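The values are calculated or read from the model by the stated rules, or taken from the named source; none is laboratory data. Please read these numbers as outputs of a predicted model, since none were measured by experiment. Because the Cβ atoms are built from the backbone with ideal geometry, glycine has one as well, and the counts that use them run over all protein chains shown.
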Amino acid sequence: MKKLKLGIVGCGDIAGFTAWVSRLVPQVRLSACCDVDAGRAQTFARRHRIPQVYTDYAEILEKAKLDAIYLAVPHHLHYEMIFAAVQASKPVFAEKPVTRTLDEGKRLIKAIGDAKVGVNYQYRYDSGCYALARAVQAEVLGKVHSMRINIPWHREQKYFDGAAWHKTIAQAGGGTLITQGSHFLDVALWALGENPVSAMGYTKTLLFNVEVDTLTHGIVETAGGALVSIVSSMVAASEQKVMIEAYGERGTGFYADRPFPHVKFKGVKVHKERPPERGVHALQRSLTGFAKWILDDKPFLIPAADTIPVLAAVEGIYRSAKTGQRLNVESLTSRPSTFDV
């Protein structure tokens, strides 16, 4: 079996989880890791049996013999690091969002052309989300006019203290909406296959002394006239299940991620489609899909260009929350944005 020699850049929590999951992906071999903190990089390498260790990103791109780069770094570094990897002829698997702002995202997609850059919106590979999205795409529910997303998650102070970049708009681009909520907003927009055209939003910063939103309510209208509402929170008293509801003219789909990812349908009979990759976890399937994209040219569900609509929706909600007005999202996608989210 061909192996994808993968280099991990950024040795924090999400990289550690991905490294453990990679053991379930026979197509992937972790060949190098990189972090500006030498001690953390060395510890990470020992824990995950990675042979090459670097503290300089330019050096890992130049010296490590890799087939691809996995980026698990703060959002504000995505643009320059993805671009540098593409310049070095290295495919990229980046944590979401593709960039911190929509303007960066549009410029990046233009700059990288047809280079293979994937974004880890892993819930496209979640068994329940995939089945729901495919049912919507196949119009089994009839025309879907409304989708509702609820993400009642819980975070503690250590979430911000352990990765201080999460606290600031300059580095993170936002809080719960861009970091957690965008996962499921991406699923909804992918299911509908429609770009956002307008947005309204309300944001709050509760419980923590940070700049970013810890509670956001938003409504996005799509080009086909559907309304997508989202509540994204990291201040629920205890973490509860994520729910996505899709309301169509003939039937309704109900997704929940607990006790395991699943979807139920009401009013219609649905043959539930399975994700194109096997595995016990969505991240495992997403990583497998990326590896096969690079090794075998099998289509990957989340190429970077396809994640621009969710970035536009997120920026639209944030901008609306700041101005107090409904925002025309189409105007954001047609010209460079000067709005600092």
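Mind listing whichever residues of the range 114-160 are in a helix (DSSP H, G or I) and among the polar types (S, T, N, Q)?
At the first step, the residues of the range 114-160 found to be in a helix (DSSP H, G or I) are 122-125, 127-137, 157-160.
Answer for the range 114-160, where residues must be in a helix (DSSP H, G or I) and among the polar types (S, T, N, Q): Gln122, Ser127, Gln137, Gln157.
Kindly provide the set of residues from the range 13-42 that are more than 16 Å from Gly279 (Cβ to Cβ) and either in contact with a helix residue (DSSP H, G or I) (Cβ under 8 Å, 6 or more places away or on another chain) or among the hydrophobic types (A, V, I, L, M, F, W, C) (or both), ordered by number. Break it down into steps so the answer makes sense when it comes.
Taking the range 13-42 as the starting set, the residues that turn out to be more than 16 Å from Gly279 (Cβ to Cβ) are 13-16, 29-42.
Scanning the range 13-42 gives Ile14, Ala15, Gly16, Leu30, Ala32, Cys33, Cys34, Asp35, Val36, Ala38, Ala41.
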Worksheet, complete the sentence: The condition from (1) in contact (Cβ under 8 Å) with a residue 60 or more places away in the chain; (2) surrounded by fewer than 21 Cβ atoms within 10 Å (Cβ to Cβ) that Lys266 misses is numbered (1)
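Which of the helices (runs of 4 or more DSSP H) found entirely inside the range 1-83 contain at least 1 residues meeting this: among the charged types (D, E, K, R) and modelled with pLDDT of 95 or more? Don't jump to the end; show me each part of the working.
On the way: elements: 13-22, 38-47, 57-63.
Where helices (runs of 4 or more DSSP H) fall fully within the range 1-83 and carry at least 1 residues being among the charged types (D, E, K, R) and modelled with pLDDT of 95 or more, they are 38-47, 57-63.
Tally up the residues in the range 161-203 that are part of a helix (DSSP H, G or I) and under 28 Å from Ala135 (Cβ atoms), please.
So the count comes out to 17.
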Worksheet entry | Counted residues, the range 151-178 - those being without any contact (Cβ under 8 Å) to a residue 60 or more places away in the chain, small (Gly, Ala, Ser) and under 21 Å from Gly105 (Cα atoms) | 1
Worksheet item: Here are Thr203, Thr222, Thr179: which of them is assigned by TED's automatic domain parsing to the domain that holds Trp153, polar (S, T, N, Q), farther than 21 Å from Asp306 by Cα and surrounded by 20 or more Cβ atoms within 10 Å (Cβ to Cβ)?
Response: Thr203
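Considering only residues of the range 84-105 that are part of a helix (DSSP H, G or I), over 16 Å from the mean Cα position of the chain (by Cα) and of a type outside the set (A, V, I, L, M, F, W, C), which is surrounded by the most Cβ atoms within 10 Å (Cβ to Cβ)? Full working, then the answer.
Initial filter on the range 84-105 (part of a helix (DSSP H, G or I)): 84-87, 102-105.
Add one more test, that the residue is over 16 Å from the mean Cα position of the chain (by Cα), and what stays is 84-87, 103.
Within this subset, residues satisfying the condition of being of a type outside the set (A, V, I, L, M, F, W, C) are 87, 103.
Values: Gln87: 12, Asp103: 20.
Going through the qualifying residues, I end up with Asp103.
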Discussion item. So if I check each of Tyr79, Tyr125, which one is closer than 17 Å to Leu311 by Cα, in contact with an Asp or Glu (Cβ under 7 Å, 6 or more places away or on another chain) and in contact (Cβ under 8 Å) with a residue 24 or more places away in the chain?
Written reply: Tyr79
Worksheet entry | Given (1) of a type outside the set (S, T, N, Q); (2) closer than 13 Å to Ser320 by Cβ; (3) in contact with an Asp or Glu (Cβ under 6 Å, 6 or more places away or on another chain), index of the condition Gly201 fails | (3)
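Given the residues Ile308, Ile302, Ile317, which is the only one that is of a type outside the set (Asp, Glu), crowded, with 22+ Cβ neighbours inside 10 Å and touching a Leu at 6+ places or on another chain (Cβ under 8 Å)? Let's see the steps before the verdict.
Details: Ile308 fails: crowded, with 22+ Cβ neighbours inside 10 Å; Ile302 fails: touching a Leu at 6+ places or on another chain (Cβ under 8 Å).
Answer to the check: Ile317.
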